[in-house]
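Structure first, then comments.
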Amino acid sequence: MHSELPTTTRMNGRLVGIMAVISGLVVANSYYAQPLVGAIADSLDASMTRVGLVVTASQVGYAIGLAFLVPLGDMIQRRKLMTWMLAVTCASLVVMAVAPSWQVLACAAMVAGVGSVVGQVLVPFAASLAAEEERGRVIGNVMTGLLLGILLSRVVAGLIAQVAGWRAVFVVAAILMVVAALLVRTLPVAPPCATSSYRALLASVFELIREEPVLRWRIGYGTLTYASFGVFWTSIGFLLSGPGYGWSDARIGLFTLVGVAGALAARLAGTLADRGYAQRQTGWFVALTALSFVLVALGEHNVFLLAVGVALLDLGIQGTHISNQSLFYPLRPDARSRLNTAYMTTYFMAGSIGSALSVLAYTQAGWTGVCVLGAGFPTIGFGLWLAEQRKHRSGSPR
């Protein structure tokens with residue numbers, strides 16, 4: 001394999017902005033259904049448990065795309081790869097818009113999730129185009145677009161569903177994929193940097209996991225916190241549309257904006273990581289993720305406590321994520337796509353597992369069961385962090 005040649009030319013701010021917009025538009029596809037579970041269940045005459053599996057299917061598809069499509073960014077000209085991915089995603093969203101049953105909806109959601117990893121192709125693309133002294137800022141800006149896409153997708157879904165029904169959400173999403181494809185055509189053409197076979201490329205991802213203990217620790221923290229993300233956001237629609245709150249789709253979508261506060265505050269984690277605090281602050285953020293579920297549990301009947309709990313939850317998860325990235329990306333500058341694949345595949349698989357378990361927890365034990373499950377994952381993560389600290393203090397090699 002050949003590493004990408006370093007560049008000394010600073011990236012145009014407009015180009016960075018386009019990449020951020022594309023990332024946000026595409027990643028949103030995996031989250032539109034979250035606030036709509038109640039409306040979809042009523043429309044398709046299905047239980048909310050079954051419709052909750054649509055959210056899970058989308059997350060599973062995203063993880064599959066991370067594992068098998070993102071590495072292709074090192075083999076295939078990225079602009080062409082992303083164009084094909086967007087075409088498949090657009091077609092899948094159209095199927096979701098006309099789906100006659102929850103089964104068809106779930107299958108189409110999985111395919112849409114596979115194609116929605118365009119943002120994860122863009123991040124290493126941006127890193128390869130950026131000059132060394134601006135690389136962190138460029139990656140951060142593209143990731144900000146991706147993160148805002150996740151958060152705002154629920155708001156957009158709720159508002160559109162309130163006005164035109166849940167099917168219209170996926171029609172709009174399909175149109176946005178056409179817009180994203182047009183934006184992709186404005187990106188520069190960059191030759192692939194790997195000459196090995198696809199099988200060898202995939203095998204090298206496992207080699208990185210085996211050879212880099214720092215990556216393994218970071219995968220542990222990432223999976224245990226993002227699993228709690230899946231637990232919470234899959235069932236919040238059940239709570240807010242249920243008899244306790246009885247909110248409309250639009251109101252549920254707007255409520256998710258409270259997560260923006262936590263996500264934007266998490267940018268502080270990047271600044272602290274640049275100052276050498278990434279290892280230490282990981283424990284703080286993982287612990288905050290676990291503790292946030294105390295307020296989330298109390299928020300079953302108190303919207304203020306629920307909102308504060310959600311802001312702290314997103315702050316803890318995003319802070320952990322940023323800390324992880326700051327530590328594993330420098331490990332292999334010539335293998336950023338594969339490092340990203342190793343970390344993000346397990347990350348989103350954990351989210352899909354949390355999502356599936358959340359549905360079971362809600363049906364068996366209600367909101368309390370969801371909160372106990374959500375807090376359990378990061379509590380294990382904090383124990384893992386304590387174990388790593390003891391290992392470092394004892395002088396064991398990392």
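Looking at Val60, Val26, Val55, Val51 in this structure, which one is without any contact (Cβ under 8 Å) to a residue 60 or more places away in the chain and not acidic (Asp, Glu)?
Val51 is the lone residue from the list that is without any contact (Cβ under 8 Å) to a residue 60 or more places away in the chain and not acidic (Asp, Glu).
Looking at Gly113, Gly149, Gly158, which is the one that is part of a helix (DSSP H, G or I) and modelled with pLDDT of 90 or more?
Gly113
Filtering the stretch 34-84 down to residues that are of a type outside the set (Gly, Ala, Ser), at pLDDT 80 or above and not in a helix (DSSP H, G or I), which residue is surrounded by the most Cβ atoms within 10 Å (Cβ to Cβ)?
Checked the stretch 34-84; the qualifying residue surrounded by the most Cβ atoms within 10 Å (Cβ to Cβ) is Leu69.
Is there a residue being of a type outside the set (Val, Ile, Thr), at pLDDT 90 or above and crowded, with 20+ Cβ neighbours inside 10 Å anywhere in the stretch 323-333?
So far as the stretch 323-333 goes, no, none of its residues is of a type outside the set (Val, Ile, Thr), at pLDDT 90 or above and crowded, with 20+ Cβ neighbours inside 10 Å.
Each row is one residue, and each column tells you yes or no for (1) under 25 Å from Asn12 (Cβ atoms); (2) of a type in the set (Gly, Ala, Ser).
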{"position": "Ala91", "(1), (2)": "no, yes"}
{"position": "Met96", "(1), (2)": "no, no"}
{"position": "Pro100", "(1), (2)": "no, no"}
{"position": "Gly113", "(1), (2)": "no, yes"}
{"position": "Val118", "(1), (2)": "yes, no"}
{"position": "Asn141", "(1), (2)": "yes, no"}
{"position": "Gln162", "(1), (2)": "no, no"}
{"position": "Arg167", "(1), (2)": "no, no"}
{"position": "Val171", "(1), (2)": "no, no"}
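Considering the stretch 181-227 alone, what residues qualify as being under 30 Å from Ile380 (Cα atoms) and part of a loop (DSSP other than H, G, I, E, B)?
Scanning the stretch 181-227 gives a single hit, Glu212.
Enumerate the pairs (first residue in the stretch 152-176 and closer than 16 Å to Ala108 by Cα and in contact (Cβ under 8 Å) with a residue 40 or more places away in the chain; second residue anywhere and in a helix (DSSP H, G or I) and among the hydroxyl-bearing types (Ser, Thr, Tyr)) with beta-carbon separation below 7 Å, excluding pairs fewer than 6 apart on the same chain, so at least 6 apart or on different chains.
Pairs that qualify, where the first residue is closer than 16 Å to Ala108 by Cα and in contact (Cβ under 8 Å) with a residue 40 or more places away in the chain and the partner is in a helix (DSSP H, G or I) and among the hydroxyl-bearing types (Ser, Thr, Tyr), are Trp166/Ser43.
The values are calculated or read from the model by the stated rules, or taken from the named source; none is laboratory data. This structure is a prediction, so every number in the text was calculated from the model and none was measured. FYI the Cβ positions are ideal-geometry reconstructions off the backbone, even for glycines, and counts take in every protein chain you see.
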